[in-house]
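Notes follow the structure.
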Amino acid sequence: MKQKFRLFKRGWGMFYCEDTETGKQESLKTNKKAEALRIIAAKNEAQYEAAMNLRLARVYLQHSDPAFSSRTWQNVMDEAAKTKKGPAQERWVRGVKEKHFDRIRTLPVIETRAEHFIGMLNEGTVCTNIFLRRLHNFALDMNWLPVPIIVRRQWPAVRFKEKRGITLEEHRKVIAGEQNAEWRAFYQMLWHLGGAQSDVANLRADNVDWTQKVVCFSRMKTGSIVQLHLGSEAEQTLNDLPSEGFLFPHIAPMKESDRAKAFIRRLRLVGVSGVSLHSYRYAWAERAKSAGYPERFAQEALGHSSKAVHRAYAKRALVKIPSLEAYEKRAAEIPATGS
């Protein structure tokens, strides 16, 4: 077996070793040849044992999973994509296409070391961190990794940019600057419903119950059902939309990224920055909290299954808290029941 480390001596008498794979050199901090030979032999022995252990592990694991030694991270990416559908699948494929994932695409899963991931995380973006975590966890769940490559507490924290809702003033600028009636109605319904862009874009006429004045749809991301009563302004907007089929026939077939780009162009033209289509969901949550809308209703309206997620959306809301005195007076005016 080829020796990983070789010994050499500098002109001033100090012994060094060189990694024959990386070319890295380091001092052995001795000028005695016998000591240097013992150190270099120990380093090569340790490397040999590690390689032997890996070969033995492969032999055992291949009996339970024939593809264990040949499975690459690209195989894992492809299999993970099959577990998703619709926009979630598109986001996954787009996420793992990042150039930072090129470092591990052809790397066998069983040969992956922590430094492979750490290098990606140091050079990558927030998206790299998120999708690499998901990829790693999927491999663990499928038993394609015997142990975690990076334990949970050692993963770098995901730090998102601060997000906020679009303000009423900004929304009015967007509406005033938009000449296309369908896009204008689309932005209005995002404001009134707080729905995700794909959910609102794919609304159909039969999602609206005019008798009950309710719009009902299933969230594309989670499958949860959202039912929301319509206000007068939302009704007025819906009255101008098609009475059958898609409410937004030209916007519905577009990709999420294309809708987002169209919105960014509109923002640039009207002089608004720092928001995206998703900011309409943050805006709805912030408005609901500021108005004192019950959290459980807001959570249902936005399709959030977690209170923590919902509170993250509404955290920038400003709430004017009424005085306790006002609440006590209001309670005193309500006649007691059961007497």
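The values are calculated or read from the model by the stated rules, or taken from the named source; none is laboratory data. Given the structure is predicted, the values throughout are model-derived calculations rather than measurements. When we count neighbours, we look across all protein chains shown, and the Cβ atoms used for this are built from the backbone with ideal geometry, even at glycine. Side chains included, ligands, DNA and RNA excluded: accessible areas come from the protein's heavy atoms. Shrake-Rupley method; radii C 1.70, N 1.55, O 1.52, S 1.80 Å.
Worth a mention:
- Near-label residues of region 222-255 by backbone N, under 12 Å of a point 7 Å along Cα→Cβ of Arg91: 222-223
- Entries in Lys99/Lys255; Lys82/Lys161; Lys213/Lys289 that, when Cα-Cα distance is taken, lie over 28 Å: Lys82/Lys161
- Overall form of region 189-273 per C-alpha gyration tensor (a/c, 1.5; a/b vs b/c): prolate
- Cα-projected label distance for His250 with Leu168, points at 7 Å along beta-carbon direction, nm: 3.0
- Relative contact order, percent, region 150-241 [alpha-carbon distance under 8 Å, six or more residues apart]: 18
- Modelled spin-label separation between Thr106 and Glu26, with each label point placed 7 Å from Cα along the Cα-to-Cβ direction: 2.9 nm.
- Cross-link partners of Lys173 among lysines, defined as those whose alpha carbon lies under 20 angstrom from its own and excluding same-chain residues fewer than eight positions apart: Lys163, Lys261.
- Taking all protein chains into account, the per residue accessible area for region 79-215 stands at 56 Å² (1.4 Å probe).
- When only alpha carbons are used to place a centre, region 189-247 and region 28-48 end up 73 Å from one another.
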